[in-house]
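Structure record follows, encoded as structure tokens.
Rule-based calculations on the coordinates, nothing more; no lab input. What you see is a predicted model, and the numbers here were worked out from it, not measured in a lab. So basically every Cβ, Gly included, is an ideal-geometry build from the backbone, and we count neighbours across all protein chains shown.
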Amino acid sequence: MIVKEEFLSKLRRFFSLNLYEVKIWAALLSRGVSTAGELSDIADVPRSRSYDVLETLEKKGFVVMKLGKPIKYLAVPPNEVLERVKKNVTEDAKDQIKRLEELKSTEVINELNQLHSQGVELVEPSDLSGSLRGRHNLYNHLELMIRSAEQSITMMTTTQGFIRKVEGLKPAFEKVKKRGVRIRIAAPITKECQSAVRDMSSVAEIRHTDQKARFCIIDGKDLVFMVLNDSEVHPTYDVGVWVNTPFFASALEELFDAAWKGMKPVK
């Protein structure tokens, strides 16, 4: 059996199988029906492992064991395998979500929160900082910060950054807005982002600026600033820095306040 390594790698990634499993499965698909010994020779998998691998594939719904001697295995059609895998993933996700929801009502989460709150008191302020690599991680951390806001959110971003934040963070903004948090966003407002402006106008104060900067200040103490121009970097290589520093964050917010007065309100 000649199967490209690239194809086997795709099977491993899409179906969460190990190397022996994809080799045996591909071999069985090419044969339709076969014994463990034959599949071992075709797939170049040790015979001592082929039985265990086929048993695992059977449990996952990839193969069916035929009755009789010698024992043979039948390949399940790939489309049916795909549906079975989707069903299993969905069921596993539901079970995991259920367990996590149940965790909320246990003492475990209370003990974790207590451990965190007590431990933070012992952490040096300089340790409350970190580098955020990749736009996905950046936005995950921004969402976490936004949800924790109690008084104010001050944000300056680019045109495309404003559009992305409306698309990805609007629910978080809406939630804290209901708690009375003041939200201010400054960005270069163009025709390109008019739709995003309409979506956010009831949640945040939005003003136009020609200046280019990317940062977010939460409650005058937590600061995230992006060090690269988002139009010149791939999302995977975007970089941000988070620091918990009331001294610097409040000073930056005062500078923003002065600039905010001269910015044109957007309606």
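What does the charge count near VAL227 come to, summing +1 for each Lys or Arg and -1 for each Asp or Glu among other residues with Cβ under 14 Å from its Cβ? The partial results should precede the final answer.
Details: positive: ARG133, ARG135, LYS212, ARG214; negative: ASP230, GLU232, ASP238.
Overall, the nearby charge balance is +1.
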How much length is gained on full extension from PHE248 to GLU174, taking 0.36 nm per residue of separation minus their Cα-Cα distance?
23.9 nm
Extension length gain for GLU167 and GLU111 (0.36 nm per residue less Cα distance), in nm, is 16.7 nm
Restricting to DSSP H runs of at least four residues, report the calculated mean residue ellipticity at 222 nm for the chain, -39500 (n - 2.57) per run over all residues, nearest 500 deg cm²/dmol.
-17000 deg cm²/dmol
What does the C-alpha gyration tensor say about the overall shape of segment 124-267? Classify as rounded when a/c is under 1.5, otherwise prolate if a/b is larger than b/c, or oblate.
rounded
Give me the distance in nm between label points sitting 7 Å out from Cα along the Cα-to-Cβ direction at VAL241 and SER129, one decimal.
0.6 nm
Once fully extended, how much extra length lies between LEU82 and ARG182, figured as 0.36 nm per residue of separation less the alpha-carbon to alpha-carbon distance?
31.2 nm
Of the residues MET263, SER152, MET65, the Cα lying farthest along the dipole of the chain towards its positive end, which is defined by charges on the beta carbon of Lys, Arg, Asp and Glu, belongs to MET65
The set of residues whose placed amide H lies less than 5 Å from the amide H of ARG214, leaving out same-chain residues fewer than 5 positions away, is MET226
Over what distance in Å are the Cα centres of segment 139-200 and segment 52-102 separated?
43 Å
For segment 190-238, which GluC sites (Glu not before Pro) are in a loop by DSSP, counting at most 13 other Cβ atoms within 10 Å?
GLU232
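For ASN88, what charge total do you get from the other residues with a beta carbon under 14 Å from its beta carbon, if Lys and Arg give +1 and Asp and Glu give -1?
Taking every other residue near ASN88 into account, the sum is 0.
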Checked against the structure, the computed Cα Rg over 2.2 N^0.38 Å among [x] 1.48; [y] 1.14; [z] 0.99 is the one labelled [x]
Shape category assigned to segment 5-78 from the gyration tensor of Cα positions, a/c cut at 1.5
prolate
Approximate spin-label separation LEU228-ASN18, in nm, with each point projected 7 Å along Cα-to-Cβ
3.7 nm
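Using Cβ counts within 10 Å as a stand-in for footprinting exposure, how do PHE247, PHE215 rank, fewest first? Please list the in-between numbers first.
On the way: PHE247 9, PHE215 18.
Lowest count first: PHE247, PHE215.
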Out of VAL243, VAL45, VAL181, any idea which swings most in a Gaussian network model of the chain, alpha carbons joined below 10 Å?
VAL45
Which one of ASN88, ASN244, ASN140 has the biggest mean-square fluctuation once the chain is modelled by GNM with Cα springs under 10 Å?
ASN88
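Taking the highest mean first, how do the peptides 79-87, 141-149 order by number of other beta carbon atoms within 10 angstrom per residue?
Working: 79-87: 12.7, 141-149: 17.7.
Per-residue mean Cβ counts within 10 Å order the peptides as 141-149, 79-87.
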Degrees between helix 107-120 axis and first principal axis of the chain (Cα, 0 to 90, nearest 10):
50 degrees
Are any of the pairs LYS94/LYS175; LYS98/LYS170; LYS98/LYS165; LYS59/LYS87; LYS191/LYS267 more than 22 Å apart by Cα-Cα distance, and if so, which?
LYS94/LYS175; LYS98/LYS170; LYS98/LYS165
Given backbone amide H placed at 1.01 Å from N, residues whose amide H is under 5 Å from that of ARG182, ignoring those fewer than 5 places away on the same chain, are SER152, ILE153
